[in-house]
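**Q** Pasting a structure below so you can have a look.
No value in this document is a laboratory result; all are computed from the given coordinates. Bear in mind the structure is a predicted one, so any value in this text is a computation, not a measurement. Please note: Cβ atoms are built from the backbone with ideal geometry, for glycine as well, and neighbour counts cover all protein chains shown.
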Amino acid sequence: MAKEKIQCEVNGQQVTLEVEPDELLIDVLRDHFGVKRDQGGMPSWGVWCLLRHPERRVVTSCLLPVMKADGGKITTVEGA
């Protein structure tokens, strides 16, 4: 599958990334930003983040396809 470009803001930093369309947000956060920490008893495979696109909501990054974050503002536990 061909990579696609997405633009988003991660912890206040505007980024453009080339991603596989079927990648999960957690994989992109870990691979590109080193986000690994679990917080408050969360399983180590799950990283919570706040995604503002277009509405503000808390999502589990291990369930969200990265393409849904295109154009969004993401705040992880590390960036809060």
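**Q** Hey, fewest Cβ within 10 Å first, where do THR60, THR16, THR76 land in order?
**A** The fewest-first ordering by Cβ neighbours comes to THR16, THR60, THR76.
**Q** Please list, in chain and number order, the residues 5+ apart from LEU24 or on another chain whose amide H is under 5 Å from its amide H, with Hs placed from the backbone.
**A** VAL66
**Q** Next question, about the same structure. How many nm is it between the label spots at ASP70 and ASP31, if each spot is 7 Å from the Cα in line with the beta carbon?
**A** Simple spin-label model gives 1.6 nm for this pair.
**Q** Also: Could you line up LYS3, LYS73 from fewest to most neighbouring Cβ atoms inside 10 Å?
**A** Arranged by neighbour count, lowest to highest, LYS3, LYS73 become LYS3, LYS73.
**Q** Quick one: 3J(HN,Hα) in Hz for segment 22-30, Karplus 6.51/-1.76/1.60 with θ = phi - 60°, rounded, Gly and Pro as x.
**A** Listing the rounded values in order: 9, 5, 8, 4, 4, 5, 5, 4, 6 Hz.
**Q** OK, next. Treat the count of other C-beta atoms within 10 Å as a stand-in for reagent exposure and order VAL59, VAL28 from fewest to most.
**A** The fewest-first ordering by Cβ neighbours comes to VAL59, VAL28.
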